[in-house]
Amino acid sequence: MAAAAIRPPFAEICEKAAFIGEPDLTSPSFNFNGAVALVTGSGRGLGRMIAETLLAGGAHVALHDINEEAPAAFGEAESLTALAAELTRRGGGKVTAVTGDISKEDDVTALVKKVEDTLGPVSILVNCAGGDIAARGGKPDPNDALHISLEDIHAVMNRNFIGTMLMCRAVVPGMAARGQGAVINFGSLNAHVGVSPEVVYGCAKAAILHYTRCLALEMKPKGVRVNAVSPGPTTTARFLATRATDASMMADMNNSVSLERYAKPVEIANAVAFLASDQAGFVNGQVLRVDGGMSLFPG
């Protein structure tokens, strides 16, 4: 509790990252026309921004996190229910909140049922939940290719790859039966290049990307599109609160020209919204690297 008490409030974190206040999502570029979107890990950070962006485009949105308290960890909201109430007050689509561990099949079945009973069949699934988090919390230590504990290997794979698979297994058959739907999975730059530390995390994300291609192939005849994004470093509240950030990159957040900077959460969210939208109606099985050109290689 002492550590949580000294974390800066979300407004202060936003000011450091030069995106003071709420993003302007009042004039949406995308029209989701009452579609039902389920965004995992949307109590805070990128997931929350994605949920807000889809909501601004007219979708009904199911917020999800592992528990009610998750949004409070870095000062972004008092609870998941409080966040749902806040977004509901802004108007637009309906908002509901569900909790559950995406690495547990029973939790996934229950949360998807609650969403569909409350909002209707899910037509947009965003698998944002994940992270390089050890079985007992924090980063795995050690976190390299040969010495990471088996317990932490399982925890990272479950949180990322297995969780993404279980969510798709619960939601995508319904999309296929209805002949439409969009799935956006989350990779990482770590999935594209050799890294150390965060080796297992990179492997889990690489597995998600290949699973995306495989599922996209299976869903081609069914009218369900499956794509992925691989974001670069992004100034979420957690990112800013848990690591030292380069001063020059932070300064460049005010520079509208330079791409030598960290991403803003809304920039990742807009890429997800594109892949979820009808504008990407012929985009399937693709991985969109949203990193300002940090990784410049073919494929």
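Can you tell me which of 74-80, 141-147, 186-192, 176-182 comes out highest on packing, and rank the rest after it, using the mean Cβ neighbours within 10 Å?
186-192, 74-80, 176-182, 141-147
Could you give the Stokes-Einstein D for the chain in µm² per second, using the C-alpha Kirkwood radius, 20 °C, 1.002 mPa s?
111 µm²/s
Mind ranking 53-64, 270-281 by how tightly packed they are, going by the mean number of other C-beta atoms within 10 angstrom, highest first?
Order by mean packing, descending: 53-64, 270-281.
Considering the options A216, T99, G57, tell which one lies farthest towards the positive end of the dipole of the chain, charges being +1 on Lys and Arg and -1 on Asp and Glu at the Cβ, about the Cα centre.
My answer, from the dipole projection, is A216.
Give the lysines whose C-alpha is closer than 29 Å to that of K113, dropping any in the same chain fewer than 8 places away, or say none.
Answer for K113, where 29 Å is the Cα cut-off: K94, K104, K205, K220, K222, listed by chain and number.
Once fully extended, how much extra length lies between T109 and L259, figured as 0.36 nm per residue of separation less the alpha-carbon to alpha-carbon distance?
Roughly 49.9 nm would be gained on extension.
Take each complete run of DSSP H in the chain, measure how far its Cα atoms stretch along the helix's own axis, and keep only those covering 27 Å or more with mean Kyte-Doolittle hydropathy at least 0.0; list them.
Qualifying helices, which must be both long enough and hydrophobic enough, are 199-219.
If each residue's Cβ is checked for other Cβ atoms within 10 Å, how do V283, V39 rank with the fewest at the top?
Ascending Cβ contact count within 10 Å gives the list V283, V39.
Measuring from centroid to centroid over Cα atoms, what is the spacing of region 106-134 and region 152-198 in Å?
The two parts, judged by their Cα centres, are 12 Å apart.
Using 0.36 nm per residue, how much length does the chain from A244 to M294 gain when fully extended, once their Cα-Cα distance is taken away?
Extra length available between A244 and M294 comes to 16.1 nm.
Output needed for region 98-204: three equivalent-ellipsoid semi-axes, defined as square roots of 5 times the C-alpha gyration tensor eigenvalues, in descending order, whole Å.
Output for region 98-204: semi-axes of 30, 15, 9 Å.
Using packing as a proxy for protection, rank 218-229, 156-167, 288-299 so that the peptide with the highest average count of other Cβ atoms within 10 Å comes first.
156-167, 218-229, 288-299
Report the full-extension gain for the segment R89 to L150: residue separation times 0.36 nm, less the Cα-Cα distance, to one decimal in nm.
Working it through step by step, the gained length comes to 17.5 nm.
What are the semi-axes of the equivalent ellipsoid for region 220-299, taken as the square roots of 5 times the Cα gyration tensor eigenvalues, largest first, in whole Å?
Listed largest to smallest, the semi-axes of region 220-299 are 29, 13, 11 Å.
Magnitude of the Cβ-charge dipole of region 2-290, K/R +1 and D/E -1, about the Cα centre, nearest 20 debye?
So the dipole magnitude of region 2-290 works out to roughly 700 debye.
Of P142, G285, I153, whose Cα points farthest to the positive end of the dipole of region 2-290 (charges on the beta-carbon: +1 Lys, Arg; -1 Asp, Glu; origin at the Cα centre)?
With unit charges placed on the Cβ atoms, the residue in question is G285.
We did not get these values from a lab; they are worked out from the coordinates using the rules stated. Nothing here was measured: the structure is a model prediction, and the numbers come from that model. In this analysis, Cβ positions are derived from the backbone assuming ideal geometry, glycine residues included, and neighbour counts consider all displayed protein chains.
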